[in-house]
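Okay, so here's the structure we're looking at.
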Amino acid sequence: MKNFIVFPLLLLFVLASCIDTSKNYFTEESSEIEVMRKMIKDYEAGDWSSYATHYVDDAKIYHNRVNSDPRTVNESIEEHKTFINQMKNYQYSTTENQTFEMIIDSKGTTWVSFWGVWTGTFTESENKTEIIVHITSKFENGKIIQEHMYWDTAPFVMESIWVDNKIEKDKG
């Protein structure tokens, strides 16, 4: 009789200890992902006032840098403008080349990541470029409080060299 009671209790204990009670969570649909989609659309449209509304005022922005020397939202907007002012046109490519995902990590922090292909045509050279972009943003209360964005700047460096060489040829 004693084993009859102990065995079910032991089984219940083992099963209960196997239940995952962590806060980790992954999804491809959330209100935070929709914020990220809207932020990207505002970037493409050059609607910088709407773009800024997706961030808290003191958001830390790290574009092509590690966790040092963060930019403010306004500074990151000016950096974006510096790059896109060289472009005749630009956009993120079609949605089949885009991936969004949100995770809630073991600390309860909400992160949204985006992978996409940015395309554009340089004004001076008419050269076309495709750049893979990765953005990971930390969210609180539906707004971005920290952002890490990485992309290959080589096409912009090469365009700058092309423009400088063209200027030198035109002088000579």
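The values are calculated or read from the model by the stated rules, or taken from the named source; none is laboratory data. Since this is a predicted model, take the numbers as computed values, not measurements. Virtual Cβ from ideal backbone geometry, glycine too; neighbours counted across all protein chains shown. Please note that ligands, DNA and RNA were not included when accessible areas were found on the heavy atoms of the full protein model with its side chains. Shrake-Rupley method; radii C 1.70, N 1.55, O 1.52, S 1.80 Å.
Quick notes on this structure:
- Of the solvent-accessible surface of region 34-126, computed with a 1.4 Å probe over protein heavy atoms with every protein chain present, carbon and sulfur atoms account for 48 percent.
- Nearest-20 debye value, region 59-172 charge dipole, Cβ charges on Lys, Arg, Asp, Glu: 200
- Distance (nanometres) between label positions extended 7 Å along Cα→Cβ at V133 and W115: 1.6
- The trypsin sites (Lys or Arg not before Pro) of region 68-170 meeting both criteria, a DSSP state outside H, G, I, E and B (loop) and at most 12 other C-beta atoms within 10 angstrom of the site's C-beta, are K107.
- Per residue, in Å², the accessible surface of region 91-172 once ligands and nucleic acids are set aside, probe 1.4 Å: 57
- Candidate lysines - alpha carbon under 29 Å from K81, same-chain residues fewer than 8 apart omitted: K38, K41, K60, K128, K138, K143, K166, K169, K171
- Counted residue by residue at 0.36 nm each, then reduced by the alpha carbon distance between them, the extension gain from T123 to K166 reaches 14.2 nm.
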